[in-house]
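Contents: one structure, followed by commentary.
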Amino acid sequence: MNLLIHGPGMIATHLPASHPLKPTRANDAHDLIANPRNGWVELVQVVAPPTATDRDVARVHDLSYIAMVDRLSVPGATGRVPSGEARRFGFSAQGDNPPYAEMGLIARNVSGGVIHAIEQVASGNADLAFVPSAGVNHHAMPGSASGFGIFNDAAVGIAWARERGMRVMYVDLDVHQGDGVEAMFASDPQVLTISIHESTRFLFPGPPGGLANAIGTGPGTGFAVNVPLAPYSDDNTWLWAFEEIVPPLHGAFRPDLTVVQCGADAYHADPLAHLLLSENAYVRAAERLRSLTGGRLVAIGGGGYDVEATPRIWASMFATFAGLQVNDNWLHGPNPTPSLDAGASSRVMDDARGAIDTLKQLVFPIHGL
Ligand SMILES: [Zn+2]
């Protein structure tokens with residue numbers, strides 16, 4: 001069975017209208033996947049998640065931060081200028097993290113969705129579980145909101161799995177580095193995080209994190225992997241870097257569970273970043289992840305600010321993960337993928353080669369590769 005975990009309480013409908021994160025994305029992905037015309041009625045089950053408890057959230061977040069999120073989540077919060085104390089927890093009226101009504105409840109529901117997804121896949125009740133509204137919180141830190149992230153749902157889910165003894169591989173395809181998830185497990189050798197992203201020299205959250213030599217700390221050294229790519233890297237370079245890193249590390253680490261963050265903002269028309277991926281690159285990566293995991297995986301959404309392309313990419317990835325027939329209409333947006341001239345193409349590839357060489361020197365020996 002393939003689960004789509006989605007419901008009305010998982011959407012930040014009270015975000016200010018000017019915010020780049022559009023709550024329609026996960027609804028639109030749901031509508032594409034659950035459309036009866038796909039013929040998947042027997043193969044896809046849509047479920048609403050349980051709400052994460054405070055104990056679940058507190059596995060990765062500070063109690064003082066959780067309390068602040070709840071204080072800011074009151075009716076009428078949208079548009080209100082937060083206090084100086086709230087600003088120390090990462091909130092501001094005009095920045096990435098404006099407070100909004102029901103913020104804490106929605107963040108708990110989304111985190112509960114990831115826990116439910118992991119529980120269902122780990123128990124064998126589901127092969128695939130996808131939570132489209134999750135993943136965009138991957139920048140949230142233990143004690144602060146960051147980069148649109150409130151409670152770090154991926155980390156809440158992984159921490160739940162860790163408490164049950166599972167080894168977890170987290171693959172973050174978002175164009176931005178998955179810094180929050182990495183930070184929460186940087187010293188844990190039972191959690192292997194891999195983030196493939198536009199270099200933090202050019203994009204949020206900024207260096208020194210996210211560069212190829214940032215590989216975890218203490219006993220977790222070698223278990224945080226960053227693949228920074230130059231701006232304008234295209235399908236060719238991105239898929240090559242993915243293939244050089246993800247399959248060998250998956251084979252060596254042999255996780256009990258794989259969580260894939262499907263951030264669609266590496267897409268060429270995304271307004272917040274500068275990579276040049278087509279829909280096809282995401283489908284190819286999903287095919288590879290299906291072959292590595294046997295289709296037994298947890299997928300979560302992520303960034304994606306082209307509101308038309310993001311749901312199509314997620315629906316295509318869901319179908320590919322599940323071994324279902326991808327609807328061809330989802331693979332071709334209105335704008336053609338720009339192509340690089342030969343010089344630019346070889347420059348971004350050379351840059352990627354440098355990062356992969358560094359990872360093969362620093363990380364692969366730790367995994368016996
Ligand atoms: Zn992103």
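Please enumerate the residues belonging to the stretch 341-369 that are of a type in the set (A, V, I, L, M, F, W, C), part of a helix (DSSP H, G or I) and in contact (Cβ under 8 Å) with a residue 60 or more places away in the chain.
Passing the criteria: A344, V348, M349, A352, A355, I356, L359, L362, F364, I366.
Free of Cβ contacts under 8 Å to residues at least 12 places away in the same chain, hydrophobic (A, V, I, L, M, F, W, C) and outside any loop (DSSP other than H, G, I, E, B) - does that describe any residue in the stretch 31-38?
Checked against the condition, which is being free of Cβ contacts under 8 Å to residues at least 12 places away in the same chain, hydrophobic (A, V, I, L, M, F, W, C) and outside any loop (DSSP other than H, G, I, E, B), the stretch 31-38 yields no hits at all.
For residues in the stretch 230-259 being hydroxyl-bearing (S, T, Y) and over 18 Å from the mean Cα position of the chain (by Cα), which is farthest from the ligand (Cβ to nearest atom)?
T237
If you take the residues of the stretch 283-325 that are of a type outside the set (G, A, S), in a loop (DSSP other than H, G, I, E, B) and more than 27 Å from N109 (Cα to Cα), which of them is farthest from the ligand (Cβ to nearest atom)?
Here the answer is Q325.
What single numbered condition from (1) touching a Phe, Trp or Tyr at 6+ places or on another chain (Cβ under 9 Å); (2) within 16 Å of the ligand (Cβ to nearest atom); (3) closer than 30 Å to D31 by Cα fails to hold for L128?
Of (1) touching a Phe, Trp or Tyr at 6+ places or on another chain (Cβ under 9 Å); (2) within 16 Å of the ligand (Cβ to nearest atom); (3) closer than 30 Å to D31 by Cα, only one is false for L128: (2).
Within the stretch 260-282, take every residue that is among the hydrophobic types (A, V, I, L, M, F, W, C) and within 13 Å of the ligand (Cβ to nearest atom) and give me the one that is surrounded by the most Cβ atoms within 10 Å (Cβ to Cβ).
C262
Within the stretch 20-44, which residues are surrounded by fewer than 16 Cβ atoms within 10 Å (Cβ to Cβ) and more than 19 Å from the chain's Cα centre (by Cα)?
Scanning the stretch 20-44 gives D31, N35, P36, R37, G39, V41, E42, L43.
Only one of T200, T217 is away from the ligand (no atom under 16 Å from the Cβ), polar (S, T, N, Q) and free of Cβ contacts under 8 Å to residues at least 40 places away in the same chain. Can you tell me which?
T217
Would you check which residues across the stretch 52-91 are in a loop (DSSP other than H, G, I, E, B) and either modelled with pLDDT of 90 or more or in contact with an Asp or Glu (Cβ under 7 Å, 6 or more places away or on another chain) (or both) and list them?
Listed by number, the residues that qualify are A52, T53, R59, V60, H61, D62, S73, F89, G90, F91.
Among residues belonging to the stretch 92-124 that are closer than 20 Å to S144 by Cβ and among the polar types (S, T, N, Q), point out the one that is modelled with the highest pLDDT.
Among them, the one singled out is S111.
Just one of (1) under 22 Å from M317 (Cα atoms); (2) touching a residue at least 60 places away in the same chain (Cβ under 8 Å); (3) within 13 Å of the chain's Cα centre (by Cα) trips up V168, so point out which.
Going through the list (1) under 22 Å from M317 (Cα atoms); (2) touching a residue at least 60 places away in the same chain (Cβ under 8 Å); (3) within 13 Å of the chain's Cα centre (by Cα), V168 breaks only (3).
The values are calculated or read from the model by the stated rules, or taken from the named source; none is laboratory data. A quick note: this is a predicted structure, and the numbers were derived from the prediction, not measured. All Cβ positions, even for glycine, are placed from backbone atoms using ideal geometry, and neighbour counts span all protein chains on display.
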